[in-house]
Amino acid sequence: MGVDLVAVTSEVLNLEALTAEISRGAPGDGAVTAFTGLVRDHNQGRRVTFLDYEAYEPLAVRALDRILDEARTLWADTRLGVHHRIGRLEIGEASIIIVAASPHRAHAFAACRYTIERVKQIVPIWKHEHFEGGEVWLEGATADPEDENAKQAAHRIACA
Amino acid sequence: MRVTVRLFARLRDLAGTGELTRDVSAPATVQTVWNALVAEMPSLVEYERTMSVAVNAEYARMAASVNDGDEVAFLPPVSGG
C-alpha cells in the first residue's frame, strides 16, 4: 500500500513512511533530503501555547500538487512528497514534512527548500496562534500562483 | 442564481460563519459576489486588497465569471508551513 505524495491531514505526520515511499526502488539516487516544520513556543515576542491550522482542503491539495510540479520542472531528476498537518498542534509537533530524492544532493536540497518557500506563498492554510493572553490569525502572503516574482524569489532562496 | 460562499481564517471569524449561500443576478463575477457580501458585512472590506479568491476550489480573479451552483471562496493572506 503506497503513501500519497501529497496530503493535507489531521493525522500525525510520518516522515519515515514518506521517506520510504520517495526512496523506494531508486538505485540511482545519491541523496534524500527532508524538511520538517515544527510548532515553536514563541513568535514575535509572544509565548505560544498551541496552533490551530485551518485549510481550504481541496485547493490546498491542488496547490501542493502544483508546487511539486514546479519543483520537478526546475530539477527534473528529483522526486518529491509533501504532507501538511491541520487542526490543533501542540508545541514541538510537526506541521509539515517535505522529502526530496535525487541523484545529486544539490538538487534534493534545492527542491526541498523551494517547496517550503512556495508553500508559504500559495497554499491556502492558516495558523490560528494561541498564546498567553490571547489568540491571533497569522497572515503572510497574498496567494497568487501566477506571480512570477514570487516564484523567482523562491527559486533564488532554493539555490542560495 | 445561487452561489455558495466559503470564508476562511479571520474572514470567517469576521463573518461569523465559514459557509453561506447567496442569490446574485446573472451575469455575475467574483466581484459581484464580494460586493454583495461587503454590503451586508462592511467589516470584510479591509481584505479587498490582500485576499485571494477561488471558484470551485481553483484560484481565480475578481473578474472571473460565476455560475449557478458555483462555490466562491475568499482567502486571507496565507500562513501555512
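The values are calculated or read from the model by the stated rules, or taken from the named source; none is laboratory data. The shown structure was predicted, so the numbers you read here are calculated from the model rather than taken from an experiment. Please note: Cβ atoms are built from the backbone with ideal geometry, for glycine as well, and neighbour counts cover all protein chains shown. We work out accessible area using only protein heavy atoms, side chains counted, and drop any ligands, DNA or RNA first. Shrake-Rupley method; radii C 1.70, N 1.55, O 1.52, S 1.80 Å.
Details
- Residue that is farthest from A:Ala55 (Cα to Cα) [pool: residues in the range B:1-17 that are more than 9 Å from every other protein chain (Cβ to nearest Cβ) and either part of a loop (DSSP other than H, G, I, E, B) or open to solvent by 70 Å² or more (accessible area, probe 1.4 Å) (or both)]: B:Met1
- Verdict on A:Ala106 being among the aliphatic types (A, V, I, L, M), surrounded by fewer than 17 Cβ atoms within 10 Å (Cβ to Cβ), farther than 24 Å from A:Pro145 by Cα and touching a strand residue (DSSP E or B) at 6+ places or on another chain (Cβ under 8 Å): no
- Failed item in (1) over 18 Å from A:Thr78 (Cα atoms); (2) away from chain B (no Cβ under 14 Å); (3) buried (at least 21 other Cβ atoms within 10 Å of the Cβ), with A:Ile96 passing the rest: (2)
- Residue match in the range A:19-31 (condition: closer than 21 Å to A:Glu132 by Cβ, open to solvent by 20 Å² or more (accessible area, probe 1.4 Å) and touching a residue at least 12 places away in the same chain (Cβ under 8 Å)): no
- Subset of the range B:63-81 [out of contact with any Lys or Arg (no Cβ under 6 Å at 6 or more places or on another chain), of a type in the set (A, V, I, L, M, F, W, C) and either within 12 Å of chain A (Cβ to nearest Cβ) or assigned to a strand (DSSP E or B) (or both)]: B:Val66, B:Val72, B:Phe74, B:Leu75, B:Val78
- The set of residues in the range A:114-144 being aromatic (Phe, Trp, Tyr) and crowded, with 24+ Cβ neighbours inside 10 Å consists of A:Tyr114, A:Trp126.
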